[in-house]
Amino acid sequence: MPVADGPVAELARLAPIDGRESLADQVYGRLREAITSGALAPGLRLREVPLSQQFGVSTTPVREALRRLENDGLVETNPHRGALVAGFSLRVVGELFEVREVLERRGARLAAAAPVRDLSKVEELLRRAAALVDEPDQVAFNRLDVAFHRAVDDVGGNRSLAEMAERAHRQIQAVRVRCAIYLPGQPRWSQRDHADLAEAIRRGDPDSAEELIARHICRARDAVIAALVEFRKKEENLG
């Protein structure tokens, strides 16, 4: 895949920043959204000066944002070309699913065992996602999917766990978007799994919650890996 140098047309897709957050947080958030939505393609060179000009900031917040994105696995550093939008490997995607399963099993158990379980955000995200299960474009549903899992982990109260699980989940979704991986019927079964998980947490059943999230993530892993294998085969045939 050819490596682009960050042309104006690509950078013009980035959302502008405002004054509500720190500059570094805003640059980070805009770039993360652009990468995970597929607006910035794998291999795109992310140069500090053009980015700082696009956002109207100095290179310092851009540099910080790129470091954070590299920690997230969304940007990789090439010794000769600098920061690039990261590609993917099947091995890494499999590892990310393994990380998600370990963390979210614990997160679901903590959520169901919590003495106070505020599920208002979880239920709100379920309602919003229900309106998207039959949409042909799954990007919006997948964003709510990430938010739902984060909300569940937040109920458990371990913020570090929730952040690490969300990071792995975002990396997986970014790969799906970049490779145009749309799984027929996935939003519907995912929504059912989410509803069952929310109910297990609501009634305070840690064993069921852990079993449900493990089954859900393994099912998603198998479907995504199979789709990525097919994508890679088609890519190789075209090459």
- Each residue of the stretch 124-138 in turn: what ³J(HN,Hα) in whole Hz from Karplus with 6.51, -1.76, 1.60 and θ = phi - 60°, glycine and Pro shown as x? 4, 5, 4, 5, 5, 5, 4, 7, 10, 5, 9, 6, x, 8, 8
- Note on the structure: For the stretch 9-60, listing GluC sites (Glu not before Pro) in a DSSP loop whose Cβ sees at most 13 other Cβ atoms within 10 Å gives Glu21
- Query: Given charges of +1 on the Cβ of Lys and Arg and -1 on the Cβ of Asp and Glu, with all other atoms neutral, how large is the dipole of the stretch 36-138 about its Cα centre, in debye to the nearest 20?
  - Reply: 300
- Query: Looking only at Gly87, Gly73, Gly157, which one moves most when the chain is put into a Gaussian network model with springs between Cα atoms under 10 Å?
  - Reply: Gly157
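Rounded to a whole number, what is D in µm²/s for the chain from Stokes-Einstein with the Kirkwood radius over alpha-carbon pairs (4 °C, 1.567 mPa s)? Mind showing how you got there, number by number?
On the way: Rh = 18.8 Å.
For these conditions, the coefficient is 69 µm²/s.
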- Task: Would you work out which of Ala195, Leu119, Leu144 lies farthest towards the positive end of the dipole of the stretch 90-238, given +1 charges on the beta-carbon of Lys and Arg and -1 on that of Asp and Glu, about the Cα centre?
- Result: Leu144
- Task: Kindly express, to the nearest 10 degrees and within the range 0 to 90, the angle between helix 90-113's C-alpha long axis and the longest C-alpha principal axis of the chain.
- Result: 40
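Can you tell me the FRET efficiency between Arg215 and Val92 if r is taken as the Cβ-Cβ distance and R0 is 22 Å, rounded to the nearest 0.05? If you can, show how the numbers build up before the last one.
On the way: r = 23 Å, r/R0 = 1.04.
Result of the calculation: an efficiency of 0.45.
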- Message: Just to confirm the number: angle between the C-alpha axis of helix 23-36 and the first principal axis of the chain, 0 to 90 degrees, nearest 10?
- Response: 80
- Query: To the nearest 10 degrees, how steeply does helix 186-202 sit against the main Cα axis of the chain, on a 0 to 90 scale?
  - Reply: 50
- Message: For a quick check, take a GNM of the chain with Cα springs below 10 Å and name the residue from Arg202, Arg167, Arg176 with the largest mean-square fluctuation.
- Response: Arg202
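What list do you get for Asp18, Asp154, Asp207 if you sort them by fewest beta carbons within 10 Å? Display every interim value, and only then the final one.
Working: Asp18 7, Asp154 19, Asp207 11.
The most exposed by this proxy come first: Asp18, Asp207, Asp154.
Which of Tyr28, Tyr182 comes first, and how do the rest follow, when ranked by fewest Cβ neighbours within 10 Å?
Numbers: Tyr28 21, Tyr182 15.
With the fewest neighbours first, Tyr28, Tyr182 line up as Tyr182, Tyr28.
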- Message: Which residue fluctuates most in the GNM of the chain (Cα springs below 10 Å): Arg178, Arg81, Arg109?
- Response: Arg81
- Note on the structure: FRET efficiency for Lys233 and Ala114 from the Cβ-Cβ distance with R0 = 35 Å, rounded to 0.05, comes out at 0.20
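A short reminder: the numbers here are calculations on the coordinates, not readings from a lab. Owing to the predicted nature of the structure, the values given are computational and were not obtained by experimental measurement. Every residue, glycine as well, gets a Cβ built from its backbone with ideal geometry; the counts of neighbours run over all protein chains shown.
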